[in-house]
Amino acid sequence: MDHVQPQNKHDVVRLSSLISVTKPGIILGNLITVIGCFFLASKGEWHAALLFKVIIGISLVIASGCVFNNYIDKDIDKLMERTQTRVMVRGLLPDWFALSYGVLLGGLGFAFLASINLLTLVMGAIGFIFYVGVYSLWAKRHTEYGTVIGAVSGAMPMAVGYCAVSNHVDAGVLTLILISILWQIPHSYAIGVFRSKDYRNASIPILSVTRAISTVKVHSLAYIIAFSVACVALYALGYAGNIYLISMLVLSAWWVKLACEGFSAEDDKKWAKKMFFFSIIIISIFSLLIGLGL
């Protein structure tokens, strides 16, 4: 009996490249906050079909943005240790294919968001334009405030999750956007500290490259304090309960404590990694608390 030899080696590599270039870790990380904001706006009601559209739509839009980012950044990615093995740097996808793939993903994603409501589509478009057009093409390479500008795009998935249900702009979504921006900046600054050599090699003017680390620590502390206040504001406006308030006060206080420890840290990179991992913990718990309506 003849045996058909498997010819899937190229296909497996191809599939892995198609997945990798969309940065699935970023997609999954965003979905945690998207779902939390969706359920916050739902106020206990279950909208399975709507949630499905939101998850698929925003995942595809984020994936598209990441594909374009990989294409735009391939010249600097090859200069950084943590990005030297990315798909576009290794030439595993032709440029034309990557661009076509990004357009396809974006087109499908925006179609899903448009089928929900116009506001959701607009929020998704703002995030995409800021990430690809403003951050990737300009801010990341030309200003130390690229992190702040990039945070605007990072806040839009939360707005998409909320507006898919509410279909209007209110104090809730504005506060969520503010919370997301204020969270992302110290989160990104932490990465900038323990990956400062990479950014310096690629001539990316992140704050940890253009300023002293002590300045980064001051900025991080200020943004964390502002984040804490914004979290309390969400409760004060009536969008969250007592368990949320107590939990976020404790977690925010701990994050402030970690930030303050940075001023006496002997190993800045070790301190920055603690800040980074705790930032993931606090935003995950935040999303869980608002999603459960606690």
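The values are calculated or read from the model by the stated rules, or taken from the named source; none is laboratory data. Quick caveat: nothing in here was measured; it's all calculated off a predicted structure. Cβ atoms come from the backbone with ideal geometry, glycine included; neighbour counts cover every protein chain shown. What goes into the accessible areas is simple: the full protein's heavy atoms, side chains included, and nothing from ligands, DNA or RNA. Shrake-Rupley method; radii C 1.70, N 1.55, O 1.52, S 1.80 Å.
Some notes on this structure:
- The set of residues from the range 233-250 being open to solvent by 30 Å² or more (accessible area, probe 1.4 Å) and either under 18 Å from I185 (Cβ atoms) or modelled with pLDDT under 95 (or both) comprises just one member, A233.
- There is at least one residue in the range 263-272 that is among the aliphatic types (A, V, I, L, M) and in a loop (DSSP other than H, G, I, E, B).
Table: residues versus (1) of a type in the set (A, V, I, L, M, F, W, C); (2) out of contact with any Gly (no Cβ under 7 Å at 6 or more places or on another chain); (3) modelled with pLDDT under 95.
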{"site": "L28", "(1), (2), (3)": "yes, yes, no"}
{"site": "V34", "(1), (2), (3)": "yes, no, no"}
{"site": "G44", "(1), (2), (3)": "no, no, yes"}
{"site": "L50", "(1), (2), (3)": "yes, yes, no"}
{"site": "I55", "(1), (2), (3)": "yes, yes, no"}
{"site": "V61", "(1), (2), (3)": "yes, no, no"}
{"site": "S64", "(1), (2), (3)": "no, no, no"}
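- Flag for V148 being open to solvent by less than 50 Å² (accessible area, probe 1.4 Å), in contact with an Asp or Glu (Cβ under 6 Å, 6 or more places away or on another chain) and not hydroxyl-bearing (S, T, Y): no
- Flag for L121 being closer than 30 Å to H47 by Cα and free of Cβ contacts under 8 Å to residues at least 12 places away in the same chain: yes
- Selection status of F68, of a type outside the set (V, I, T), within 30 Å of P205 (Cβ to Cβ), in contact with a helix residue (DSSP H, G or I) (Cβ under 6 Å, 6 or more places away or on another chain) and surrounded by 18 or more Cβ atoms within 10 Å (Cβ to Cβ): yes
- Annotation note: of G192, G172, the sole residue that is assigned to a helix (DSSP H, G or I), over 22 Å from L50 (Cβ atoms) and open to solvent by less than 10 Å² (accessible area, probe 1.4 Å) is G192.
- Residue list for the range 85-130, restricted to those being in a loop (DSSP other than H, G, I, E, B), touching a helix residue (DSSP H, G or I) at 6+ places or on another chain (Cβ under 7 Å) and open to solvent by 50 Å² or more (accessible area, probe 1.4 Å): R86, L92, S115
- Among the residues of the range 131-164, the ones that are over 21 Å from L176 (Cα atoms), β-branched (V, I, T), in a helix (DSSP H, G or I) and touching a residue at least 60 places away in the same chain (Cβ under 8 Å) come to 1 in all.
- Filtering the range 52-87 to residues that are within 21 Å of L118 (Cβ to Cβ) and touching a residue at least 24 places away in the same chain (Cβ under 8 Å) leaves K53, V54, I55, I56, G57, I58, S59, L60, V61, I62, S64, G65.
- Restricting the range 91-138 to residues that are at pLDDT below 95 and of a type in the set (A, V, I, L, M) leaves a set whose member that is farthest from I62 (Cα to Cα) is L92.
- Annotation for the range 213-232: no member residue is open to solvent by less than 70 Å² (accessible area, probe 1.4 Å), not in a helix (DSSP H, G or I) and not aromatic (F, W, Y).
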